[in-house]
Amino acid sequence: MKPSLPLRSLLLGAIASLALSTSAMAELVAPPETVRIALDVDSLSLDARLAAETTSYRLNDLIYDGLVRLDENFRPQPALATSWDQPDPLTLVFHLREGVTFHDGTPLTADDVVFTYTTMVDPALNARSRSLYEPIESVRAVDEKTVEFKLKEPYAPLLSYLDLGILPRGAAQGNAEFGSTPVGTGPFKLDNWLRGSQIDLVANPDYWNGEPAVKRIETVIVGNGTARAQAIAAGDVDLIYSPLPPAEVQNLSQNGDLDHSVTPAVSFIYVNFNTQDALLSDPALRSAIAKLIDQKTIVEQIYGGLDEVASSILMPAFPWVYDAEVKQPIFDPAAAAAELDALGWTLGADGVRAKDGTPLALTIGTNSEDAERVQAIEYLQNLFISVGIKTEVLAVDYPTFMQGNQGKTYQISFLSWGNLVDPDRAMYGQLHTGGNFNWGGYSNAEVDAALEEGRTKSAVETRAAAYRAAASQIAEDVPYYIVAHQRLHAFTSKKLEGFQPDARGFLTDLASPAAQ
């Protein structure tokens, strides 16, 4: 199905002028059963195993079901599995819901669960989230409706990760195009995908939990935050999320036709250091550079005070582990300059520091779609130059930026992590030696041991102590510098009055069944 001409005009207008014309959209008055959403980036793949950015996670949550669904407190609740048993620390047995079918009409069986998880941990798939599932030794179908997971070792956060969408083996196996033509059991089905512009979902009339009251979700991809703000102010869309320019958040907050919700998010904005770089392999140099990161100005001025200045990688969203006494370096340019001097990086006549004839030159990268990120790296560039660090900034489109991170193109990157439903998810894949999110190549035996302790011990106090120990060492080594713990800002039209975003920014509320 092709998008209607008025909606195509919306997309072209957004690209051409970075704004949505009210007059061009005047005809687009959505029927009550349709919800229109403006999102900031296109999905890279709608294969649930390959989710890589917020749009994929949000839409996958509607297209698929996992064995469990996480509630607002990140506790696992029944979904495709109605119940589960743990006969010993290395075994989990799940009992599947009867009568569930995929969008193509095929019934859900234990074999589909086995296929999803065995391929998820296969290095050949190259799934970004593979490290979350690597402690799984095997998955087998006991019978058509019973699945047994065997673990290599006790794994405390596993249930928090079993919301991974289940794929149908028949449709997905050997299908290189599955990410463009996804099939799940979820409340919505893919109807149309115009790459870079629009993704439309329609309600699944055969959904096991009842057909959703919302019959159609139209998502338009509008990278520019100001354009998204103008779209909802004009009534052209019904829902937008941060990131948004601070001035737009302030303006929209005063719009009586919109509802504004603020939710503490399980995400953070951070600076990633490539610790395998010849210069940045030195933790003392990274620590000195970290003292040039002016968090307060970035958070309060560039991001307009929408988020919370961070002191470490420990997130306030998890009070059972958060410790305000764990502190990374703070902004102190004088101390940074003194430390650079002490490390032998002396200031030359050209204003650039050098050591043994090698100039101190760095590149900072981010994605160009996010204006605040671009402003932040330009501000960091000025701060770095002010103490004699030759600095180049690179802002490229999101897919190119993410490829660059994985290929260690940048010495320093400015980006964010989201959907961090457990401290393990915020640290293990990113900062354990060999982790498949460890784009900076960081390796520290003490951190590895602490993160392994946090994974394998079930006692909350033991896990908390392990993550605090890891965070303390990370704050000292500075492979990551956490700029801010994010807050999720959502603006909705009155048509969505009562809509409740969760801390991950998912759209789960739109799947509520029609009143009987």
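The values are calculated or read from the model by the stated rules, or taken from the named source; none is laboratory data. Everything numeric in this text was worked out from a predicted model, so none of it was measured. No Cβ is skipped: glycine too gets one built from the backbone with ideal geometry, and neighbour counts run over all protein chains shown. Note: accessible area is taken over every heavy atom of the protein model, side chains too, but ligands, DNA and RNA are not part of it. Shrake-Rupley method; radii C 1.70, N 1.55, O 1.52, S 1.80 Å.
Rank these by accessible area, largest first, 1.4 Å probe: Trp439, Trp208.
Final ranking, largest accessible area leading: Trp208, Trp439.
Obtain the nm distance between the two label points defined at Ser458 and Asn382 by a simple spin-label model: each point lies 7 Å from its Cα along the Cα-to-C-beta direction.
5.5
Among the GluC sites (Glu not before Pro) in the stretch 421-474, which ones are in a DSSP loop with at most 16 other Cβ atoms within 10 Å of the Cβ? Mind listing them?
Those that pass, being in a loop and sparsely packed, number zero.
Which GluC sites (Glu not before Pro) in the stretch 121-212 pass both tests, a DSSP loop state and at most 14 other beta-carbon atoms within 10 Å?
Glu144, Glu177
Of the listed peptides 397-405, 59-67, 272-280, what is their order by residue-averaged count of other C-beta atoms within 10 Å, with the highest listed first?
Sorting 397-405, 59-67, 272-280 by mean packing, highest first, produces 59-67, 272-280, 397-405.
Pull out a ≥ b ≥ c, the square roots of the eigenvalues of the alpha-carbon gyration tensor of the stretch 451-493, then state rounded if a/c is under 1.5, prolate if not and a/b is larger than b/c, and oblate in the remaining case.
It is oblate, given that a/c is not under 1.5 and a/b is not larger than b/c.
Excluding Asp397 itself, what net charge comes from residues whose Cβ is under 14 Å from its Cβ, given Lys and Arg +1 and Asp and Glu -1? Working shown, then result.
On the way: positive: Arg195, Arg373; negative: Asp40, Asp42, Glu53, Glu369, Asp370.
Summing Lys and Arg as +1 and Asp and Glu as -1 gives -3.
From the helices alone, meaning DSSP H stretches of at least four residues, give me the mean residue ellipticity at 222 nm for the chain, per-run term -39500 (n - 2.57), in deg cm²/dmol to the nearest 500.
Dividing the helical sum by the residues of the chain leaves -8000 deg cm²/dmol.
Can you tell me what share of the DSSP beta bridges in the chain is antiparallel? A percent to the nearest 5 is fine.
Percentage antiparallel, nearest 5: 80.
Relative to the Cα centre, what is the charge dipole magnitude of the stretch 82-204, using +1 at the beta carbon of each Lys and Arg, -1 at the beta carbon of each Asp and Glu, and rounding to the nearest 20 debye?
Once rounded to the nearest 20, the dipole reads 280 debye.
For the chain, what is the accessible area per residue in Å² when the probe is 1.4 Å?
39
Using a 1.4 Å probe on the protein chains only, how many percent of the accessible area of the chain belongs to carbon and sulfur?
It is 51 percent, rounded to a whole number.
Which ³J(HN,Hα) values in Hz, rounded to whole numbers, follow from the phi angles of the stretch 35-49 under the Karplus curve 6.51 cos²θ - 1.76 cosθ + 1.60, where θ = phi - 60° and Gly and Pro get x?
Using θ = phi - 60°, the values come out as 10, 10, 10, 9, 10, 8, 9, 6, 6, 7, 6, 9, 6, 4, 6 Hz.
Whole Å is fine, so just give me how far the alpha carbon centre of the stretch 63-119 lies from that of the stretch 442-516.
After rounding, the separation between the Cα centres reads 22 Å.
Show me 40-51, 77-88 ranked by packing, highest mean number of other Cβ atoms within 10 Å first.
Values: 40-51: 22.7, 77-88: 14.8.
Per-residue mean Cβ counts within 10 Å order the peptides as 40-51, 77-88.
Along the charge dipole of the chain, pointing to its positive end and built from +1/-1 on Cβ of Lys, Arg, Asp and Glu, which listed residue (Ala234, Thr185, Ala141) has its Cα farthest out?
Ala234
Pick out, in residue order, every one of the trypsin sites (Lys or Arg not before Pro) in the stretch 143-203 that is DSSP loop and has at most 16 other C-beta atoms within 10 Å; say none if there are none.
Lys152, Arg195
Pairs of Cα atoms under 8 Å, at least six residues apart: use those to get the relative contact order of the stretch 390-516, whole percent.
Relative contact order comes out at 14 percent.
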